[in-house]
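Contents: one structure, followed by commentary.
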Amino acid sequence: MRLEYDVTAGDFTRAGNASSAIKKTLKQLGVSPAVIKRVVVAVYEAEVNIVAHSYGGHITAEVAPEGISVVLADTGPGIPDVQKAMQKGFSTASKEVREMGFGAGMGLPNIQENADDLKIETEVGRGTTLTIYIKF
Amino acid sequence: MKMRDIAAAVNGEVLCGAGRLDEEVDYAFASDLMSDVLTIKTNDFLLITGLANVQSVRTAEMSDVEYILFVRGKDVTEEMTGLAEDNGMVVIRTDYSMFKTSGILYGAGLKPVY
Ligand SMILES: Nc1ncnc2c1ncn2[C@@H]1O[C@H](COP(=O)(O)OP(=O)(O)OP(=O)(O)O)[C@@H](O)[C@H]1O
Ligand SMILES: [Mg+2]
(Lines give C-alpha, C1' and ligand atoms only; values in the text may rest on other atoms or scores of the structure.)
(Ligands and ions follow the chains in the order given, each with its own letter.)
Protein backbone atom coordinates (compact mmCIF):
# COMPACT_ATOMS: atom_id res chain seq x y z
CA MET A 1 0.00 0.00 0.00
CA ARG A 2 1.33 3.43 -0.91
CA LEU A 3 0.40 6.71 0.81
CA GLU A 4 1.46 10.15 -0.44
CA TYR A 5 1.32 13.61 1.11
CA ASP A 6 2.56 17.09 0.26
CA VAL A 7 4.13 19.16 3.02
CA THR A 8 4.04 22.96 2.93
CA ALA A 9 6.97 24.90 4.38
CA GLY A 10 6.18 27.15 7.34
CA ASP A 11 2.62 25.87 7.82
CA PHE A 12 2.67 24.73 11.42
CA THR A 13 -1.09 24.38 11.71
CA ARG A 14 -0.96 21.51 9.22
CA ALA A 15 2.35 20.02 10.31
CA GLY A 16 1.54 16.50 11.43
CA ASN A 17 -1.35 15.85 9.04
CA ALA A 18 0.64 13.26 7.11
CA SER A 19 1.92 11.56 10.29
CA SER A 20 -1.61 11.52 11.67
CA ALA A 21 -2.97 9.89 8.50
CA ILE A 22 -0.20 7.28 8.54
CA LYS A 23 -1.00 6.56 12.20
CA LYS A 24 -4.68 5.95 11.41
CA THR A 25 -3.81 3.63 8.52
CA LEU A 26 -1.39 1.55 10.63
CA LYS A 27 -4.00 1.30 13.37
CA GLN A 28 -6.56 -0.02 10.88
CA LEU A 29 -4.02 -2.55 9.66
CA GLY A 30 -3.65 -3.82 13.23
CA VAL A 31 0.04 -2.95 13.67
CA SER A 32 1.07 -3.09 17.35
CA PRO A 33 0.74 0.22 19.25
CA ALA A 34 4.42 0.22 20.30
CA VAL A 35 5.57 -0.05 16.68
CA ILE A 36 3.02 2.55 15.55
CA LYS A 37 4.38 4.97 18.13
CA ARG A 38 7.94 4.54 16.84
CA VAL A 39 6.85 5.04 13.23
CA VAL A 40 4.70 8.03 13.99
CA VAL A 41 7.24 9.79 16.25
CA ALA A 42 9.98 9.36 13.62
CA VAL A 43 7.78 10.48 10.72
CA TYR A 44 6.35 13.41 12.67
CA GLU A 45 9.82 14.71 13.57
CA ALA A 46 10.84 14.44 9.93
CA GLU A 47 7.61 16.09 8.77
CA VAL A 48 8.13 18.98 11.18
CA ASN A 49 11.70 19.34 9.88
CA ILE A 50 10.34 19.81 6.35
CA VAL A 51 7.93 22.47 7.64
CA ALA A 52 10.60 24.15 9.77
CA HIS A 53 13.77 23.93 7.71
CA SER A 54 12.91 23.43 4.01
CA TYR A 55 10.96 25.10 1.20
CA GLY A 56 8.47 22.25 1.05
CA GLY A 57 8.43 18.55 0.37
CA HIS A 58 6.69 15.30 -0.28
CA ILE A 59 6.16 12.18 1.83
CA THR A 60 5.74 8.71 0.37
CA ALA A 61 4.98 5.82 2.70
CA GLU A 62 5.17 2.27 1.42
CA VAL A 63 3.43 -0.21 3.71
CA ALA A 64 4.29 -3.89 3.31
CA PRO A 65 3.34 -6.90 5.48
CA GLU A 66 6.81 -6.93 7.09
CA GLY A 67 7.36 -3.21 7.63
CA ILE A 68 6.99 0.40 6.54
CA SER A 69 9.36 2.52 4.50
CA VAL A 70 8.81 6.28 4.51
CA VAL A 71 10.61 8.64 2.14
CA LEU A 72 10.52 12.33 3.06
CA ALA A 73 11.98 14.45 0.27
CA ASP A 74 12.25 18.22 0.35
CA THR A 75 13.67 21.03 -1.68
CA GLY A 76 15.58 23.42 0.54
CA PRO A 77 18.93 24.47 1.91
CA GLY A 78 20.10 20.91 2.62
CA ILE A 79 22.22 20.00 5.64
CA PRO A 80 25.88 21.10 5.38
CA ASP A 81 27.16 18.83 8.16
CA VAL A 82 24.97 15.81 8.77
CA GLN A 83 27.11 14.46 11.60
CA LYS A 84 26.72 17.74 13.47
CA ALA A 85 22.98 17.89 12.74
CA MET A 86 22.61 14.39 14.22
CA GLN A 87 24.02 15.53 17.58
CA LYS A 88 21.53 16.10 20.37
CA GLY A 89 21.00 19.81 20.91
CA PHE A 90 22.26 21.05 17.55
CA SER A 91 19.67 23.32 15.95
CA THR A 92 19.54 26.23 13.52
CA ALA A 93 15.79 26.71 14.09
CA SER A 94 14.40 30.23 13.75
CA LYS A 95 12.65 32.14 16.51
CA GLU A 96 9.29 31.36 14.85
CA VAL A 97 10.04 27.64 14.91
CA ARG A 98 11.07 27.81 18.58
CA GLU A 99 7.84 29.59 19.44
CA MET A 100 5.98 26.60 18.00
CA GLY A 101 7.69 24.35 20.53
CA PHE A 102 10.39 23.01 18.22
CA GLY A 103 14.09 23.69 17.81
CA ALA A 104 15.54 21.64 20.65
CA GLY A 105 17.85 19.82 18.28
CA MET A 106 16.33 16.50 19.32
CA GLY A 107 14.47 15.54 16.15
CA LEU A 108 17.11 13.79 14.03
CA PRO A 109 18.64 11.85 16.94
CA ASN A 110 15.16 10.73 17.96
CA ILE A 111 14.35 9.60 14.41
CA GLN A 112 17.59 7.60 14.45
CA GLU A 113 16.62 6.01 17.75
CA ASN A 114 13.15 4.99 16.63
CA ALA A 115 14.03 3.78 13.14
CA ASP A 116 15.41 0.33 12.34
CA ASP A 117 17.16 2.02 9.46
CA LEU A 118 17.65 5.71 8.60
CA LYS A 119 19.26 7.07 5.46
CA ILE A 120 19.91 10.79 4.99
CA GLU A 121 20.77 12.12 1.55
CA THR A 122 21.31 15.84 1.35
CA GLU A 123 22.79 18.37 -1.00
CA VAL A 124 23.47 21.95 0.08
CA GLY A 125 21.32 24.38 -1.87
CA ARG A 126 19.08 21.60 -3.23
CA GLY A 127 17.38 19.63 -0.52
CA THR A 128 17.23 16.66 1.78
CA THR A 129 15.73 13.18 1.55
CA LEU A 130 15.23 10.97 4.60
CA THR A 131 14.37 7.30 4.22
CA ILE A 132 13.03 5.73 7.39
CA TYR A 133 12.46 1.97 7.65
CA ILE A 134 10.71 0.28 10.56
CA LYS A 135 9.94 -3.44 10.83
CA PHE A 136 6.53 -4.55 12.08
CA MET B 1 -4.23 10.10 40.76
CA LYS B 2 -7.68 10.64 39.29
CA MET B 3 -7.98 13.30 36.58
CA ARG B 4 -10.76 14.83 38.64
CA ASP B 5 -8.40 15.32 41.60
CA ILE B 6 -5.68 16.69 39.35
CA ALA B 7 -8.08 19.30 37.98
CA ALA B 8 -9.24 20.24 41.49
CA ALA B 9 -5.68 20.48 42.87
CA VAL B 10 -4.69 23.14 40.34
CA ASN B 11 -8.06 24.85 40.32
CA GLY B 12 -8.31 23.82 36.69
CA GLU B 13 -11.00 24.07 34.09
CA VAL B 14 -11.85 20.91 32.16
CA LEU B 15 -12.03 21.77 28.46
CA CYS B 16 -12.32 18.32 26.99
CA GLY B 17 -13.09 14.78 28.12
CA ALA B 18 -15.29 15.70 31.12
CA GLY B 19 -16.70 12.17 31.04
CA ARG B 20 -13.32 10.61 31.74
CA LEU B 21 -12.35 12.37 34.96
CA ASP B 22 -12.43 9.13 36.95
CA GLU B 23 -9.47 7.78 34.98
CA GLU B 24 -6.21 7.40 36.84
CA VAL B 25 -2.80 8.63 35.76
CA ASP B 26 0.37 7.96 37.77
CA TYR B 27 3.07 9.85 35.88
CA ALA B 28 3.59 13.37 34.57
CA PHE B 29 6.06 15.17 32.33
CA ALA B 30 6.36 18.95 32.12
CA SER B 31 7.88 20.63 29.07
CA ASP B 32 7.38 23.33 26.48
CA LEU B 33 9.68 21.52 24.06
CA MET B 34 7.74 19.18 21.85
CA SER B 35 10.76 17.19 20.67
CA ASP B 36 11.49 16.54 24.31
CA VAL B 37 8.02 15.08 24.78
CA LEU B 38 8.54 12.93 21.68
CA THR B 39 11.54 11.21 23.26
CA ILE B 40 9.45 9.74 26.11
CA LYS B 41 9.00 6.04 25.49
CA THR B 42 5.89 5.47 27.59
CA ASN B 43 2.54 7.06 26.82
CA ASP B 44 0.63 6.72 30.05
CA PHE B 45 1.38 10.14 31.50
CA LEU B 46 -0.03 13.62 31.99
CA LEU B 47 1.60 16.21 29.73
CA ILE B 48 1.97 19.52 31.56
CA THR B 49 2.83 22.32 29.13
CA GLY B 50 2.74 26.07 28.70
CA LEU B 51 2.87 25.68 24.95
CA ALA B 52 -0.73 26.14 23.89
CA ASN B 53 -0.98 25.63 20.16
CA VAL B 54 -2.13 22.98 17.74
CA GLN B 55 1.33 21.44 17.76
CA SER B 56 1.19 20.60 21.46
CA VAL B 57 -2.03 18.65 20.89
CA ARG B 58 -0.51 17.07 17.76
CA THR B 59 2.55 16.04 19.75
CA ALA B 60 0.32 14.39 22.35
CA GLU B 61 -1.53 12.61 19.54
CA MET B 62 1.72 11.29 18.04
CA SER B 63 2.93 10.17 21.48
CA ASP B 64 -0.38 8.46 22.34
CA VAL B 65 -0.67 10.79 25.35
CA GLU B 66 -4.30 11.15 26.45
CA TYR B 67 -4.03 13.72 29.24
CA ILE B 68 -2.95 17.34 28.76
CA LEU B 69 -2.75 20.13 31.32
CA PHE B 70 -2.16 23.63 29.94
CA VAL B 71 -0.64 26.01 32.45
CA ARG B 72 -0.32 29.81 32.75
CA GLY B 73 -3.94 30.35 31.69
CA LYS B 74 -3.10 30.06 28.03
CA ASP B 75 -5.90 30.40 25.49
CA VAL B 76 -6.94 27.03 24.19
CA THR B 77 -8.55 27.43 20.77
CA GLU B 78 -11.46 25.46 19.33
CA GLU B 79 -9.11 23.97 16.78
CA MET B 80 -7.06 22.56 19.66
CA THR B 81 -9.99 21.15 21.61
CA GLY B 82 -11.42 19.79 18.34
CA LEU B 83 -8.22 17.88 17.65
CA ALA B 84 -8.09 16.74 21.28
CA GLU B 85 -11.68 15.49 21.10
CA ASP B 86 -11.00 13.62 17.84
CA ASN B 87 -8.24 11.80 19.68
CA GLY B 88 -10.21 11.13 22.85
CA MET B 89 -8.05 13.28 25.12
CA VAL B 90 -8.78 14.90 28.47
CA VAL B 91 -7.71 18.56 28.42
CA ILE B 92 -7.48 20.77 31.51
CA ARG B 93 -6.38 24.40 31.79
CA THR B 94 -5.07 26.18 34.86
CA ASP B 95 -3.99 29.75 35.57
CA TYR B 96 -1.14 28.46 37.74
CA SER B 97 2.44 28.59 36.48
CA MET B 98 4.34 25.52 35.34
CA PHE B 99 6.39 25.54 38.55
CA LYS B 100 3.43 25.89 40.87
CA THR B 101 1.41 23.29 38.99
CA SER B 102 4.27 20.80 38.96
CA GLY B 103 4.99 21.40 42.64
CA ILE B 104 1.40 20.84 43.69
CA LEU B 105 0.98 17.69 41.63
CA TYR B 106 4.35 16.26 42.66
CA GLY B 107 3.39 16.87 46.27
CA ALA B 108 0.06 15.16 45.67
CA GLY B 109 1.83 12.02 44.52
CA LEU B 110 2.13 12.24 40.72
CA LYS B 111 5.44 10.61 39.77
CA PRO B 112 7.98 11.94 37.28
CA VAL B 113 8.45 10.00 34.03
CA TYR B 114 12.17 10.03 34.88
N1 LIG C 1 14.92 18.88 6.10
C2 LIG C 1 15.91 19.68 6.51
N3 LIG C 1 16.40 20.64 5.69
C4 LIG C 1 17.42 21.45 6.10
N5 LIG C 1 17.99 21.38 7.31
C6 LIG C 1 17.54 20.44 8.16
C7 LIG C 1 16.49 19.55 7.81
N8 LIG C 1 16.27 18.73 8.85
C9 LIG C 1 17.14 19.09 9.80
N10 LIG C 1 17.90 20.11 9.40
C11 LIG C 1 19.02 20.76 10.15
O12 LIG C 1 19.44 19.90 11.18
C13 LIG C 1 19.25 20.54 12.46
C14 LIG C 1 18.89 19.52 13.51
O15 LIG C 1 17.61 18.93 13.21
P16 LIG C 1 16.75 18.31 14.40
O17 LIG C 1 15.47 17.84 13.86
O18 LIG C 1 17.60 17.33 15.12
O19 LIG C 1 16.55 19.56 15.38
P20 LIG C 1 15.57 20.83 15.19
O21 LIG C 1 14.60 20.57 14.10
O22 LIG C 1 16.42 22.04 15.05
O23 LIG C 1 14.84 20.86 16.59
P24 LIG C 1 13.75 19.78 17.12
O25 LIG C 1 13.68 18.69 16.10
O26 LIG C 1 14.27 19.31 18.43
O27 LIG C 1 12.49 20.51 17.25
C28 LIG C 1 18.19 21.59 12.21
O29 LIG C 1 18.23 22.63 13.14
C30 LIG C 1 18.58 22.06 10.81
O31 LIG C 1 19.71 22.91 10.85
MG1 LIG D 1 13.50 18.79 14.07
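Ranking B:Tyr67, A:Tyr133 from most to least accessible surface, computed with a 1.4 Å probe over the protein chains only, gives A:Tyr133, B:Tyr67.
Residues considered: A:Pro77, A:Pro65, A:Pro109. Largest GNM mean-square fluctuation over chain A, using C-alpha springs under 10 Å, is found at A:Pro65. Estimated at the nearest 10 Å², the accessible area of B:Asp26 is 80 Å² with a 1.4 Å probe.
Over the Cα atoms of the protein assembly as shown, the radius of gyration divided by the Kirkwood radius equals 0.98; this is the Rg/Rh ratio. Given their separation in residues at 0.36 nm each and the Cα-Cα distance between them, A:Val124 and A:Thr13 gain 37.2 nm when the chain is fully extended. Positive end of the dipole of the protein assembly as shown (Cβ unit charges, origin at the Cα centre): among B:Ile48, A:Val39, B:Ser63, the Cα lying farthest that way belongs to B:Ile48. Overall, the accessible surface of chain A at a probe of 1.4 angstrom is composed of carbon and sulfur to the extent of 51 percent.
Burial annotation for the range B:55-102: residues with an accessible-area loss of at least 40 Å² between the isolated chain and the complete set of protein chains, computed on heavy atoms with a 1.4 Å probe, are B:Gln55, B:Arg58, B:Glu61, B:Met62, B:Asp64. Count Lys and Arg as plus one, Asp and Glu as minus one, and take only other residues whose Cβ is under 11 Å from that of A:Thr129; the net charge is then -1. Note on A:11-23: average number of Cβ atoms from other chains within 10 Å of each residue's Cβ is 3. For the listed residue pairs A:Lys88/A:Lys119; A:Lys84/A:Lys119; A:Lys37/A:Lys84; A:Lys37/B:Lys100; A:Lys37/B:Lys2; A:Lys24/A:Lys88, the alpha carbons are over 20 angstrom apart in A:Lys37/A:Lys84; A:Lys37/B:Lys100; A:Lys37/B:Lys2; A:Lys24/A:Lys88. Of all DSSP-defined beta bridges confined to chain B, some 20% are antiparallel rather than parallel. Helix content alone sets the calculated 222 nm mean residue ellipticity of chain A: runs of n ≥ 4 DSSP H residues at -39500 (n - 2.57) each, divided across all residues, give -11000 deg cm²/dmol.
Charges only on Cβ, +1 for Lys and Arg, -1 for Asp and Glu: so what's the dipole of the range A:73-136 about the Cα centre, in debye to the nearest 20?
140 debye
Can you give me the C-alpha center-to-center distance between the range A:1-62 and the range A:68-123, rounded to a whole angstrom? With the range A:1-62 and the range A:68-123 each reduced to a Cα centre, they are spaced 14 Å. Protein heavy-atom surface of chain B, 1.4 angstrom probe: 49% of the accessible area is carbon and sulfur, with nucleic acids and ligands not counted.
Phi angles across the range A:86-101 convert, under the Karplus curve 6.51 cos²θ - 1.76 cosθ + 1.60 with θ = phi - 60°, into 3J(HN,Hα) values of 7, 6, 4, x, 7, 8, 10, 4, 6, 4, 4, 5, 5, 5, 7, x Hz, Gly and Pro given as x. Pair-distance distribution of the range B:3-112: all C-alpha pairs, bin width 5 Å, starting at 0; shares per bin in whole percent are 2, 13, 28, 28, 22, 6, 0. From largest to smallest, the equivalent ellipsoid semi-axes obtained for chain A from the alpha-carbon gyration tensor read 23, 15, 14 Å. The 3J(HN,Hα) values that the Karplus relation (6.51, -1.76, 1.60; θ = phi - 60°) gives for the range A:118-123 are, in residue order, 10, 10, 10, 10, 8, 9 Hz. Gly and Pro appear as x.
Within 10 Å of each Cβ of A:25-37, how many other protein chain Cβ atoms are there on average?
Taking all residues of A:25-37 together, the mean is 1.
Over the range A:1-69, the pair-distance histogram of Cα-Cα distances with 5 Å bins from zero comes to 3, 18, 31, 23, 14, 8, 2 percent, rounded to whole numbers.
The trypsin sites (Lys or Arg not before Pro) of the range B:23-114 that DSSP puts in a loop, and whose beta carbon has at most 15 other beta carbons within 10 Å, are B:Lys41. Here is the interface size for B with A: some 1900 Å² of accessible area buried, both sides summed, with a 1.4 Å probe. Compared with the direct C-alpha span, the chain from A:Leu29 to A:His58 gains 8.1 nm at full extension, assuming 0.36 nm per residue. Mean per-residue shielding of peptide A:66-78 is 0, counting Cβ atoms of other chains within 10 Å of each Cβ. Give the residue from B:Tyr27, B:Leu83, B:Leu38 lying farthest towards the positive end of the charge dipole for chain B; charges sit on Cβ (+1 for Lys and Arg, -1 for Asp and Glu) and the dipole is referred to the Cα centre. Toward the positive end, the furthest listed residue is B:Tyr27.
The values are calculated or read from the model by the stated rules, or taken from the named source; none is laboratory data. No experiment lies behind these values; they were computed from the predicted model shown. Note: ideal-geometry Cβ built from the backbone for every residue, glycine included; neighbour counts use all protein chains shown. Accessible surface areas use protein heavy atoms only, side chains included; no ligands, DNA or RNA. Shrake-Rupley method; radii C 1.70, N 1.55, O 1.52, S 1.80 Å.
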